[in-house]
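Please read through the structure below; I'll follow up with questions.
The values are calculated or read from the model by the stated rules, or taken from the named source; none is laboratory data. In this text, all values refer to a predicted model and were calculated from it rather than measured experimentally. Cβ sites come from the backbone with ideal geometry, for glycine too, and all protein chains shown count toward neighbours. Calculation scope for accessible area: heavy atoms of the full protein, side chains included, ligands and nucleic acids excluded. Shrake-Rupley method; radii C 1.70, N 1.55, O 1.52, S 1.80 Å.
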Amino acid sequence: MAVLGKIRSKGVMLVIVIALGLFAFIAEEAVRSCNGIKGQASQQIGEVLGEKISVQEFQALIDESQNVVKFTAQRDNLTEDELNQVKDQVWQQYVSNKVIENDAAKLGITVTEQEVVNVLNQGTNPVLLQTPFVNQQTGRFDVNSLKQFLDQYKKAEKEAPQQAEQMKMVHDYWLFVEKNLRSQLLRQKYQGLLANCVLSNKYEAKLAFAAENEESQILLASLPYSSIKDDAIKVTDADLQAKYNELKPAFKQAVEMRDIKYVDFQIKASAADRAAIQKEMNGYQQQLATTDDPSQLVTKAGSQVAYLGLPQSKTAFPSDIAAKLDSMAVGTSGVIANTKDNTLNIIRLYSKVQLPDSVEFRQIQVAAASVDEARTKADSIYNALQGGADFETLAKKYGQTGEKTWFTGRQYEGAGSMNADNKQYIEALLYSAAGETKNLALTQGNIIVQVTDKKAVKDKFNAAVIKKFVDFSKDTRSTAYNKFSEFVTKCSSIEEMEKNAAKYGYKVSELPNITTSEHYVANIRATRDALKWIFGAKEGEISPLYECGDNDHMLVVALNKIHKKGYRDIKDTQVNDILKREVIKDKKAEQLIGKLKGVSSIAAAQAKGCKVDTVNQVTFAAPAFIQSVGAVEPALSGAVAATAKGKFASAPVKGNAGVYLFSVVNKALRAGAKFDPKAQMQRCRQQNMQLVGNFMQDLLTKADITDNRYLFF
């Protein structure tokens, strides 16, 4: 009882302790939940129509497209700019597909399996004609060839994994094509439905024909706005606000934009650096002229051009090197400076030969438990072929098709390296005669190669090139870094940055309207960290020093202005400039129209100071270009179309560059014009469809798209 009494006496305290414990438990779970949500959000690359895409999902799409580009271009790698282009295309395609799929689903539009089968059987879709499954005789997609390949791949996955691995790239390429084919068909059905909502009629056709073919000759009296000085026009805040309200839709932006000021300094080689590199290249020139193995020397020199030991087309070399190969004799050049790409160059031309750029061949890959066993099996196959055995029959015996394929120069030219096996293989293709069969003993086994045809003979060059960038030294970079770092420490505000830049010999540049879709800041490579800073900073903030470019740029950024998604503010400098320009134009037009009030003839207009010109072939459909003011004037075309022959303008016309009065001298159909109702209706429908074709932009605007790619790529 005493214990119970003691507990009761401490009841309030116990309740508090228990409550705090429960709160701590709940809070801990809430923190975990928030951290989980925050972690997921940090991995989201974007959002379309409320559906999020993670960085992992987007990277998979990039890898897929990148592999397709490599496959179709027969290349191992893409440049940084090419990869950025792939990233942009993948994002645009992803967003486009999502908004079309969403709207199509609302309308009940789908693509059935039978529709896909029908397209494959027809074999004429342009997407299919880019695949390896095209019949060379008919020029059409061969669905049977595709089915045969898919069956072989499925079989190889179970029975011959090595062969399946070799076929995987083509298989993945087909999956990509099929996916895009379905998206294309869905888009076509959606657009087809939209197209059938756009109609035309004979009345519209008749009006359109007249608008296009009824030409007017006019006497034009013009008073340009330039006749009144801008300083003579008073613009008030009320004027600007009224014009802003009128033009506000034009100032709407779909994404947030930011304006920056920045200082970029590029480090360049000093005179001492150049002298040292010149001395080094002189030594390489002497070595290259005498060496028997240029590949090691080219690698040692750090050349930008790899030596393959194979003849290549002139276009495989940098343009400055290619320009010298034609006229160069076999031997070694001196050290050649190229100021355009800031390099020093040495060329040793070993040979100039004529070789086919395209070789048709077929092959049998010989695999076995050991290399020796593969050699023995290959000898047996080779001897059988030499004895008259059928190539395709033997190939099928070893689980391969033995089909003919083409090898082109672009599949190896310009490669970054070349191992001994690849070199032996390519040499066999280049130098074998048509009909010749070779048994190639490679490191991992043998390949039986038979050349069946050759074409496109051209000059090819076996040349070793040492192309070396004239780079700055560590001392030069250290000196430049210390100076720029000192400058950045004094940039506590935008004003300080601008003031100190002049003292240090730097230039402050401006860059408006940056969006998150940018890849670089100010076209400087490796500036993603700076871009992330820009979209995380507040107005007036100064960034840290960024080392970027090819390790040769130093950058500091100031965030000058943030333009939120939606309507630009009236105080925005760019908006204000547009408004002021439009208000001035309106007030000038008002003055000039007042000056021409009551004028009823060209002579009277000329007496008021108008310049008079004859303007021919004015039609309603095409805005008139007035040479005297150098401007296109749609309003004038409309007014002329509404005025009968022999009549004077009912009122002055306010244009883009001035105010006009006119007299219609003549009005007649264009020579040879003949009204065809059906043809004109079709043209009207096509023109209307072009206007409706902007539907995609409308869908994108409503999709509430978030693009965070800049955080990851």
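Restricting the search to the stretch 183-210, which residues are modelled with pLDDT of 90 or more, farther than 20 Å from residue 119 by Cβ and open to solvent by 30 Å² or more (accessible area, probe 1.4 Å)?
Hits for the stretch 183-210 are 201, 202, 203, 204, 206, 207, 210.
Which of the residues spanning the stretch 329-364 are aliphatic (A, V, I, L, M), closer than 24 Å to residue 410 by Cβ and open to solvent by 40 Å² or more (accessible area, probe 1.4 Å)? If you could, list the steps in order and put the result at the bottom.
Within the stretch 329-364, the subset aliphatic (A, V, I, L, M) is 329-330, 335-337, 344, 346-347, 349, 353, 355, 359, 364.
If we keep only those that are closer than 24 Å to residue 410 by Cβ too, we end up with 347, 349, 353, 355, 359.
Passing the criteria: only 353.
Is it the case that the stretch 462-476 has a residue that's open to solvent by 40 Å² or more (accessible area, probe 1.4 Å) and under 23 Å from residue 359 (Cα atoms)?
No, the stretch 462-476 contains no residue that is open to solvent by 40 Å² or more (accessible area, probe 1.4 Å) and under 23 Å from residue 359 (Cα atoms).
May I ask you to say which residue of 152, 162, 166, 191 is farther than 30 Å from residue 365 by Cβ and of a type in the set (S, T, N, Q)?
191
Scan the stretch 69-97 and report the pairs whose first residue is within 22 Å of residue 129 (Cα to Cα) and of a type in the set (A, V, I, L, M) and whose second residue is part of a helix (DSSP H, G or I) and open to solvent by 30 Å² or more (accessible area, probe 1.4 Å), with Cβ atoms within less than 6 Å and a gap of 6+ or a chain change.
Within 6 Å, the pairs are 86/66; 90/61.
Quick one: would you say residue 180 is in a helix (DSSP H, G or I) and without any contact (Cβ under 8 Å) to a residue 40 or more places away in the chain? Can you show your working first?
On the way: in a helix (DSSP H, G or I): yes; without any contact (Cβ under 8 Å) to a residue 40 or more places away in the chain: no.
No, not satisfied.
Quick one: which of 690, 680 is at pLDDT below 95, under 19 Å from residue 205 (Cα atoms), surrounded by 15 or more Cβ atoms within 10 Å (Cβ to Cβ) and not basic (Lys, Arg)?
Details: 690 fails: surrounded by 15 or more Cβ atoms within 10 Å (Cβ to Cβ).
None of the others qualify; the one that does is 680.
Within the stretch 404-424, can you find the residues that are touching a strand residue (DSSP E or B) at 6+ places or on another chain (Cβ under 6 Å), touching a residue at least 24 places away in the same chain (Cβ under 8 Å) and either over 21 Å from residue 463 (Cβ atoms) or loosely packed, with under 15 Cβ neighbours inside 10 Å (or both)?
Scanning the stretch 404-424 gives 404, 406, 407, 408.
Output the residues belonging to the stretch 157-182 that are open to solvent by 60 Å² or more (accessible area, probe 1.4 Å) and more than 28 Å from the chain's Cα centre (by Cα).
157, 158, 159, 161, 162, 165, 166
If you don't mind, there's one more thing I want to ask. Determine if the stretch 649-668 includes at least one residue that is buried (at least 18 other Cβ atoms within 10 Å of the Cβ) and in a helix (DSSP H, G or I).
Within the stretch 649-668 (the criterion being buried (at least 18 other Cβ atoms within 10 Å of the Cβ) and in a helix (DSSP H, G or I)), the answer is no, since none of the residues qualifies.
Give 678, 674 a once-over and let me know the one that is part of a helix (DSSP H, G or I) and without any contact (Cβ under 8 Å) to a residue 12 or more places away in the chain.
Exactly one of 678, 674 is part of a helix (DSSP H, G or I) and without any contact (Cβ under 8 Å) to a residue 12 or more places away in the chain, namely 678.
Evaluate the following for residue 507: is it basic (Lys, Arg), open to solvent by less than 30 Å² (accessible area, probe 1.4 Å) and in contact (Cβ under 8 Å) with a residue 60 or more places away in the chain?
no
Another one. Can you find even one residue in the stretch 142-149 that is within 34 Å of the chain's Cα centre (by Cα), over 30 Å from residue 447 (Cβ atoms) and surrounded by 13 or more Cβ atoms within 10 Å (Cβ to Cβ)?
For the stretch 142-149, residues within 34 Å of the chain's Cα centre (by Cα), over 30 Å from residue 447 (Cβ atoms) and surrounded by 13 or more Cβ atoms within 10 Å (Cβ to Cβ): present.
Given the options 497, 554, name the one that is among the aliphatic types (A, V, I, L, M) and part of a helix (DSSP H, G or I). Talk me through it step by step, then tell me what you get.
On the way: 554 fails: part of a helix (DSSP H, G or I).
Result of the check over 497, 554: 497.
Identify all residues within the stretch 544-570 that are hydroxyl-bearing (Ser, Thr, Tyr) and closer than 30 Å to residue 473 by Cβ; write none if there are none. Quick ask: steps written out before the conclusion?
Looking only at the stretch 544-570, we keep the residues that are hydroxyl-bearing (Ser, Thr, Tyr), and these are 546, 567.
If the condition is that a residue be hydroxyl-bearing (Ser, Thr, Tyr) and closer than 30 Å to residue 473 by Cβ, then 546 is the only one that fits.
Step by step: first the residues of the stretch 570-622, then only those that are within 38 Å of the chain's Cα centre (by Cα) and of a type in the set (D, E, K, R), then the one that is most open to solvent (accessible area, probe 1.4 Å). Which residue is that?
Among residues in the stretch 570-622 that are within 38 Å of the chain's Cα centre (by Cα) and of a type in the set (D, E, K, R), the one most open to solvent (accessible area, probe 1.4 Å) is 571.
Taking only the stretch 528-564 into account, find how many residues are buried (at least 17 other Cβ atoms within 10 Å of the Cβ) and among the acidic types (Asp, Glu).
Residues that pass the stated criteria total 1.
Still on this structure, I have one more. Could you check the stretch 365-388 and list, in sequence order, the residues that are of a type in the set (Gly, Ala, Ser) and either in contact (Cβ under 8 Å) with a residue 24 or more places away in the chain or open to solvent by less than 40 Å² (accessible area, probe 1.4 Å) (or both)?
Initially, the stretch 365-388 is screened for residues of a type in the set (Gly, Ala, Ser), giving 367-370, 374, 378, 380, 384, 387-388.
Listed by number, the residues that qualify are 367, 368, 374, 378, 384.
For the structure I just gave you, tell me whether residue 428 is open to solvent by less than 60 Å² (accessible area, probe 1.4 Å), closer than 30 Å to residue 328 by Cα and without any contact (Cβ under 8 Å) to a residue 40 or more places away in the chain.
Taking the combined requirement at face value, the residue satisfies it.
For every residue, the table says whether it meets (1) modelled with pLDDT of 95 or more; (2) surrounded by 14 or more Cβ atoms within 10 Å (Cβ to Cβ); (3) acidic (Asp, Glu).
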residue: 220; (1), (2), (3): yes, yes, no
residue: 241; (1), (2), (3): yes, no, no
residue: 246; (1), (2), (3): yes, no, yes
residue: 283; (1), (2), (3): yes, no, no
residue: 306; (1), (2), (3): no, yes, no
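Might you check whether a residue that is open to solvent by less than 30 Å² (accessible area, probe 1.4 Å) and at pLDDT below 95 occurs anywhere in the stretch 74-83?
Scanning the stretch 74-83, I find no residue that is open to solvent by less than 30 Å² (accessible area, probe 1.4 Å) and at pLDDT below 95, so the answer is no.
Now for a separate question. Can you tell me which residue in the stretch 481-492 is nearest to residue 573 (Cα to Cα), limited to those that are outside any helix (DSSP H, G or I) and open to solvent by 30 Å² or more (accessible area, probe 1.4 Å)?
Per the stated criteria, the residue is 492.
Output yes when any residue across the stretch 127-137 is modelled with pLDDT under 95, open to solvent by 60 Å² or more (accessible area, probe 1.4 Å) and part of a helix (DSSP H, G or I), and no when none is.
Scanning the stretch 127-137 turns up at least one residue that is modelled with pLDDT under 95, open to solvent by 60 Å² or more (accessible area, probe 1.4 Å) and part of a helix (DSSP H, G or I).
Any residue in the stretch 435-449 that is open to solvent by 50 Å² or more (accessible area, probe 1.4 Å), over 30 Å from residue 77 (Cβ atoms) and modelled with pLDDT under 95?
Yes, the conditions are met somewhere in the stretch 435-449.
Within the stretch 623-643, take every residue that is surrounded by 17 or more Cβ atoms within 10 Å (Cβ to Cβ) and of a type outside the set (Gly, Ala, Ser) and give me the one that is farthest from residue 666 (Cα to Cα).
629
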